[in-house]
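In what follows, a structure is listed as structure tokens, so that the remarks can point back to it.
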Amino acid sequence: MLKGKKIVLGITGSIAAYKACYIIRGLIKAGAEVQVVITPAGKEFITPITLSALTQKPVVSEFFSQRDGTWNSHVSLGLWADAMLIAPCTASTLGKMANGIADNMLITTYLSMKAPVFIAPAMDLDMYQHPTTQQNMQRLLSFGNQIIEPQSGFLASGLEGKGRMEEPEQIVAYLDNYFESKDLKGKKVMITAGPTYEKIDPVRFIGNYSSGKMGFALAEECAHRGAEVTLIAGPVSIPCSSHIHRIDVESCEQMYHAATENFPKADAAILCAAVADFRPEHIALEKIKREKDDLVIRLKPTYDIAAQLGQMKQKNQVLVGFALETNDEEANAQKKLEKKNLDFIVLNSLQREGTCFQSDDNQISIISHDGQQDYDKKSKKQVAKDIVDELSKRL
């Protein structure tokens, strides 16, 4: 899928800069045309002569190449490219990109870029884990950039941990995958994500541990594959790409109204939210004081969003549910599949350690009328691909 694509490769001052040679070779072997833009610090790790020999193009580094008025146009590069890849990307460059500090040719090219931008961070584990770095990456994600997450491994400092740039062949595969046919192009997909909070009084609520990570990963995957995505998000702080239509809600009632309003316009819905099944019968208008040893709160059922959408579903629509179970997992998921009129259901189990709530990983089974498919433990981003693959077949 990379054949004929024009790629701007940004290289920054990291020890991983030598791996850019393998990225260039992989991109060119796949048929892409590569233009390197390197920072001054990047040239301390790898020479422009090497990069130019591999790309058969002069390497761009400075605004002005000569003293005769010749200059490099970052605007032209932004219009020329089909994608920009920054690999390796240091913490310094991440910070400049996130805050628009255009003090070198690479950052001005990034700020002028009309095409999708892919970022492969590379740094020591403490730098990667620092709140500033994490905040900068979240901000860049909210701008619509894509982060190719670093891996855990042996680092240049001699330590081991997360911060090692993803391997060149995987980075090339990531870009190749991006340019695959958009199998959801023209489709409208509605996704619910995160928990709901049901108020007890002005300062307390009934909720659950859902982080929203799985639902947001599904939204990004569907958007990446060409879908028009409406994301109905419970109270979580995760950012999403600007081209995803996000509706923020807090309670089950608010999520119910948003879902029933948007579902008729959708080709598919994925109900990933962990919606509270019960809410207080009465919400106190003032904070409940601790006056005696026990407090009795009467609960009543909330809206059953999945059941309602199952009743509304038309023949041309696909409805996907989630089931989080602690016992009799398959049997309970199968019952929910039938009862809610779902096309397939994604089963999670709290018996699988290191998955579900708050985790970056998940391990699922997909259950449908055709049978059951079990999957290995993977990152939630990879799990999202498996789920959307199944959705795509049915659309």
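Shape verdict for the range 200-276, please, from the Cα gyration tensor: rounded (a/c under 1.5), prolate (a/b greater than b/c) or oblate. Prolate shape, in that a/c is at least 1.5 and a/b is the bigger ratio.
Put a dot 7 Å past the Cα of A173, heading toward its Cβ, do the same for S152, and the two dots end up 2.0 nm apart.
Only Cα pairs under 8 Å and 6+ residues apart enter the sum, and on that basis the relative contact order of the range 257-395 stands at 18 percent.
Across the range 206-211, computed HN-Hα scalar couplings (Karplus, 6.51 cos²θ - 1.76 cosθ + 1.60, θ = phi - 60°) run 9, x, 8, 8, 4, 8 Hz from first to last residue, x flagging Gly and Pro.
Largest GNM mean-square fluctuation among Q363, Q129, Q35, using the chain with Cα springs under 10 Å: Q129.
Considering only R290, R164, R352, the Gaussian network model of the chain with Cα springs below 10 Å gives its largest mean-square fluctuation to R290. Between S242 and H130, the contour length at 0.36 nm per residue exceeds the Cα-Cα span by 37.8 nm.
Sequence-ordered 3J(HN,Hα) estimates for the range 95-103 from the Karplus curve with 6.51, -1.76 and 1.60 and θ = phi - 60° stand at x, 5, 5, 5, 10, x, 8, 8, 9 Hz, glycine and proline given as x. Toward the positive end of the charge dipole of the range 271-395, with +1 on the Cβ of Lys and Arg and -1 on the Cβ of Asp and Glu, the farthest Cα among S365, I283, I387 is that of I283. Calculated mean residue ellipticity, 222 nm, the chain: -9500 deg cm²/dmol, from DSSP H runs (n ≥ 4) at -39500 (n - 2.57) each, averaged per residue and rounded to 500. Rounded to the nearest whole Hz, the Karplus-based 3J(HN,Hα) values (6.51 cos²θ - 1.76 cosθ + 1.60, θ = phi - 60°) of the range 295-311 follow the sequence 9, 9, 10, 7, 10, 9, x, 8, 5, 9, 5, 4, 5, 5, 5, x, 6, with x at glycine and proline. In whole percent, and with a 1.4 Å probe on the protein chains, what portion of the accessible area of the chain is carbon and sulfur? Taking all protein chains in place, the chain shows 49 percent carbon and sulfur surface. Quick check on the range 31-161: take the gyration tensor over C-alpha atoms, sort the square-rooted eigenvalues as a ≥ b ≥ c, and tell me if it's rounded (a/c under 1.5), prolate or oblate. Cα axes put the range 31-161 in the prolate bin.
If you build a Gaussian network model of the chain, linking Cα atoms that sit under 10 Å apart, which residue out of F63, F357, F344 swings the most? For the chain, modelled as a Gaussian network with Cα springs under 10 Å, the answer is F63. Taking 0.36 nm per residue of separation and subtracting the current Cα-Cα distance, fully stretching the chain between S142 and A102 would add 12.5 nm. The range 231-262 and the range 115-137 have their alpha-carbon centroids 27 Å apart.
Counted over all Cα-Cα pairs of the range 243-333, pairs farther apart than 18 Å make up 59 percent.
In terms of its C-alpha gyration tensor, the range 1-60 has a prolate overall shape, because the principal axis ratio a/c (a ≥ b ≥ c, square roots of the eigenvalues) is not below 1.5 and a/b outweighs b/c. Remark: the range 33-185 carries 49 Å² of accessible area per residue (probe radius 1.4 Å; ligands, DNA and RNA excluded). Compared with the direct C-alpha span, the chain from S76 to Y18 gains 18.2 nm at full extension, assuming 0.36 nm per residue. Neighbours of K19, meaning other residues whose beta-carbon lies under 13 angstrom from its beta-carbon, give a summed charge of -1 when Lys and Arg score +1 and Asp and Glu score -1. Near the amide H of A83, within less than 5 Å, lie the amide hydrogens of K6, V8, all on another chain or at least 5 residues away, with H placed in the peptide plane. Placing +1 on the Cβ of every Lys and Arg and -1 on the Cβ of every Asp and Glu, with nothing else charged, gives the chain a dipole about its Cα centre of roughly 920 debye. Report the one residue of Y110, A87, A258 whose Cα lies farthest in the direction of the positive end of the charge dipole of the chain (charges on C-beta: Lys and Arg +1, Asp and Glu -1; origin at the Cα centre). It is Y110.
Close amide H partners of C272, meaning residues 5 or more places away or on another chain with modelled amide H under 5 Å apart, are T192.
Antiparallel DSSP bridges in the chain: what percent, to the nearest 5? Taking every DSSP beta bridge with both residues in the chain, the antiparallel ones total about 35 percent.
The lysines whose alpha-carbon is closer than 22 Å to the alpha-carbon of K385, local same-chain residues fewer than 8 away aside, are K182, K185, K187, K188, K213, K377, K393. Computed over protein heavy atoms with a 1.4 Å probe, the accessible surface of the range 254-395 works out to 59 Å² per residue. The protection proxy used here, the mean number of other Cβ atoms lying within 10 Å of each residue, ranks peptides 82-93, 207-218 as follows, highest first: 82-93, 207-218.
The values are calculated or read from the model by the stated rules, or taken from the named source; none is laboratory data. Only a predicted model underlies this, so the values are computations on that prediction, with no experimental measurement involved. Cβ sites come from the backbone with ideal geometry, for glycine too, and all protein chains shown count toward neighbours. Ligands, DNA and RNA are stripped out before the accessible areas are found, and what is left, the full protein with its side chains, is counted by its heavy atoms. Shrake-Rupley method; radii C 1.70, N 1.55, O 1.52, S 1.80 Å.
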